[in-house]
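Note sheet for the following structure.
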Amino acid sequence: MALQEVEQIVLRDMTGEDIHAAAELSFEQQWPHREEDWTLFLSLGEGIVAEMDGKVVGTIMGWRFGENFATLGMVIVTNAVQGRGVGRQLMDAMLKRLEGRTVLLNATAEGLPLYRKLGFVELGTVCQHQASAPVVPLVELRPGERVRPMGAADGEALEELYAQATGMDRKALLDALLPDSSAVVLCREHEQTGFALLRRFGRGWAIAPVIAPDLGGAKALITHWLGTQTGSFCRIDIAEESGLGNWLADLGLPEVGRVTRMALGPAPVPGDAAATFALAAQALG
Ligand SMILES: CC(C)(COP(=O)(O)OP(=O)(O)OC[C@H]1O[C@@H](n2cnc3c(N)ncnc32)[C@H](O)[C@@H]1OP(=O)(O)O)[C@@H](O)C(=O)NCCC(=O)NCCS
């Protein structure tokens, strides 16, 4: 690593004025994030940019959840500057800010070596499924079960389900996602047992997150949103162990990529009431 090159790098806080440059970096990687997606991420957390000769050449973002956890993501170094230590500097700077918390991330194959060197351990796999939404057959609901639009009185129950599913305080995230999302709730005997949001993301729509008590509940929620989006580009990032992969592929939503879920520090412990079948975003977990 040439010392001179590293010295030219300046790290500073990301602001709203960096969004355009940041989105150009993600386009270069052929990631689908629009400026609106970056703006949402920044509103929820914090970012650092790496500048070289006054030009943004790298980014990283972090989000805190409650007192003990954080996720990080949008780790990008422009192709021309990769392999010169910028990614490492960005990670060191963000990890310093998040010190004292378990940090979670979803690693691309390119990011894995860096994260392993920093001590992150692998927890599992997230599978990205996407396509133009097919016509989906209705899922048969159990007696007493229904999927209905979220109402004003559902907020607290959904926060609790999200906390159970992730082992983290996700209230701020839910509050930030809801204004730009449509939400449905899975009820069993009138009790809220799961929910799924639909929002614009990248090239189309994301069904994100899907929080459900079991596989049947998750399928009911996903079927609801796919049914409303027939013909539109839809994406869903599922936990590999969710059991949804083959079902989605058979429906016409194939897997197009995988990332590795990793943690630095003790992983959060979810409760029994609900599980995360699909993520809010790869960056947010
Ligand atoms: C991942 C990425 C951010 C790394 O940034 P970078 O500036 O190229 O990385 P660095 O030069 O700081 O290298 C980081 C470390 O990983 C090591 N490394 C990188 N590639 C490696 C490989 N294939 N095998 C082993 N080690 C590797 C480097 O040796 C370095 O270790 P060191 O700090 O001990 O010397 C960059 O490659 C990138 O933007 N990729 C595309 C977007 C992406 O996939 N981002 C990750 C999202 S999770």
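The values are calculated or read from the model by the stated rules, or taken from the named source; none is laboratory data. Predicted model, so just to flag it, every value in this text is computed and none were measured. Positions of Cβ are backbone-derived with ideal geometry, glycine not excepted, and every protein chain shown enters the neighbour counts.
Numbers below:
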item: In the stretch 97-123, residue nearest to the chain's Cα centre (by Cα) [restricted to those that are loosely packed, with under 14 Cβ neighbours inside 10 Å and among the small types (Gly, Ala, Ser)]; result: 109
item: In the stretch 131-161, the residues that are assigned to a strand (DSSP E or B) and out of contact with any Phe, Trp or Tyr (no Cβ under 7 Å at 6 or more places or on another chain); result: 131, 145, 146, 147, 148, 149
item: Residue match in the stretch 113-130 (condition: out of contact with any helix residue (DSSP H, G or I) (no Cβ under 9 Å at 6 or more places or on another chain) and more than 16 Å from the ligand (Cβ to nearest atom)); result: yes
item: Of all residues making up the stretch 33-66, the number that are among the hydroxyl-bearing types (Ser, Thr, Tyr) and either within 14 Å of the ligand (Cβ to nearest atom) or more than 17 Å from residue 174 (Cβ to Cβ) (or both); result: 2
item: Single condition residue 130 does not satisfy, out of (1) more than 27 Å from residue 263 (Cα to Cα); (2) surrounded by 14 or more Cβ atoms within 10 Å (Cβ to Cβ); result: (1)
item: Selected residue [within 12 Å of the ligand (Cβ to nearest atom), under 29 Å from residue 249 (Cα atoms) and outside the structural domain of residue 253 (by TED's automatic domain parsing)] from 107, 80; result: 107
item: Scan of the stretch 89-104 for residues that are farther than 27 Å from residue 209 by Cα and near the ligand (Cβ under 8 Å from one of its atoms), ordered by number; result: 89, 90
item: Qualifying positions in the stretch 222-247 - within 18 Å of residue 275 (Cα to Cα) and among the hydrophobic types (A, V, I, L, M, F, W, C); result: 222, 236, 238, 239, 244, 247
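Residues checked against (1) modelled with pLDDT under 95; (2) within 17 Å of the chain's Cα centre (by Cα):
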site	(1), (2)
152	yes, no
158	no, no
181	no, yes
185	no, no
204	no, yes
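For (1) more than 16 Å from the ligand (Cβ to nearest atom); (2) outside any loop (DSSP other than H, G, I, E, B); (3) more than 20 Å from residue 160 (Cα to Cα); (4) modelled with pLDDT of 95 or more, each residue gets a yes or a no:
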| site | (1), (2), (3), (4) |
| --- | --- |
| 231 | yes, no, yes, yes |
| 234 | yes, yes, yes, yes |
| 250 | yes, yes, yes, yes |
| 253 | yes, no, yes, yes |
| 258 | no, yes, yes, yes |
| 268 | yes, no, no, yes |
| 277 | yes, yes, no, yes |
| 284 | no, no, no, yes |
